[in-house]
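For reference, the structure is listed below as structure tokens.
The values are calculated or read from the model by the stated rules, or taken from the named source; none is laboratory data. As the structure is a prediction and not an experimental result, all values here were calculated from the model. Cβ atoms come from the backbone with ideal geometry, glycine included; neighbour counts cover every protein chain shown. When the accessible area is computed, the model is the full protein with side chains, heavy atoms only, and any ligands, DNA or RNA have been set aside. Shrake-Rupley method; radii C 1.70, N 1.55, O 1.52, S 1.80 Å.
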Amino acid sequence: AQTENLRPELRKPKSLREERTFSAAEVGTFTHAVLEHMDFKRAGQEGITYVRELLQDMVSNEILTTEEAETVNGQKMVDFVESDLGKRLVACRKVYREKPFNIVKEINGNRTLVQGIIDCWFDEGDGLVLLDYKTTHISPSRFEQSKREIADRYQMQMELYREALEEATGKTVKESYLFLTNLGKVIPI
């Protein structure tokens, strides 16, 4: 009688063997975390070298996994910092990030509490500049023809952020922008 080798083969579970793909929303969350931790001045001075170092630090500090960090397009972060708006941001002494707010609005005849978090804003002395990060499904080739549609989609949200920021600071928001993280592009609102 022949004896079969019945030794079980040890393998990683299927869920660990399959390559993980992340949704656009998840990639946006990871990118948002990087922007929250980014030293814009260093990014402006050191470029992609700094962004790679930051990503590595975020993995070491267990803020992101290696797979999550790999989804972040560091060059788009550098492109933003090197843009006209990015240079203004870098030049500011104080940059504010992740500012929670509450504001009471009249909506359909009812007083409603609206809550949110403002991604980034900075004060240039003559007014505030408001910045919100978005990850879109728009391809780079469709950016120019999609700018107006994107701006229209987020107009009301940015107006709420503007109103909340002005109420909280007593200062005027002179400009507001969307930074499209997957494209490295900025849209004025």
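Note on the chain: with a GNM built from Cα contacts shorter than 10 Å, the maximum mean-square fluctuation among Gln115, Gln75, Gln155 falls on Gln115. Rolling a 1.4 Å probe over the protein heavy atoms gives the stretch 23-162 an accessible area of 57 Å² per residue. Rounded to the nearest 500, the 222 nm mean residue ellipticity of the chain from helices alone is -14000 deg cm²/dmol, with -39,500 (n - 2.57) taken per DSSP H run of at least 4 residues.
Restriction of the trypsin sites (Lys or Arg not before Pro) in the stretch 125-173 to DSSP coil positions whose beta-carbon has at most 16 other beta-carbons within 10 angstrom yields Lys171. With semi-axes √(5λ) of the Cα gyration tensor in Å in mind, check (1) 40, 22, 17; (2) 29, 21, 14; (3) 102, 17, 11 and report the label derived from this structure. Identified label for the calculated read-out: (1). GNM remark for the chain: springs join alpha carbons under 10 Å apart, and the peak mean-square fluctuation among Gly116, Gly47, Gly86 falls on Gly116.
To the nearest 0.05, how large is the calculated FRET efficiency for Arg93 and Thr21 if R₀ is 45 Å and r is the Cβ-Cβ distance?
Calculated value: 0.65.
Only protein atoms count toward the accessible area here, which uses a 1.4 Å probe; on the chain, the carbon and sulfur part of that area reaches 47 percent. Bridgeable lysines around Lys185 (alpha carbons under 24 Å apart, same-chain partners fewer than 8 residues away excluded): Lys41, Lys76, Lys87, Lys94, Lys99, Lys134, Lys147, Lys174.
Placing +1 on the Cβ of every Lys and Arg and -1 on the Cβ of every Asp and Glu, with nothing else charged, gives the chain a dipole about its Cα centre of roughly 140 debye.
Taking a ≥ b ≥ c as the square roots of the Cα gyration tensor eigenvalues, with a/c under 1.5 meaning rounded and otherwise prolate when a/b beats b/c, else oblate, which class fits the stretch 56-111? Verdict is oblate for the stretch 56-111.
Restricting the GluC sites (Glu not before Pro) of the stretch 64-161 to loop positions (DSSP other than H, G, I, E, B) with no more than 16 neighbouring Cβ atoms within 10 Å leaves Glu124. Counted residue by residue at 0.36 nm each, then reduced by the alpha carbon distance between them, the extension gain from Val114 to Glu36 reaches 25.8 nm. Only Cα pairs within less than 10 Å get springs; with that Gaussian network setup on the chain, which residue of Leu113, Leu35, Leu130 has the largest fluctuation? Result for the chain, Cα springs under 10 Å: Leu113 fluctuates most.
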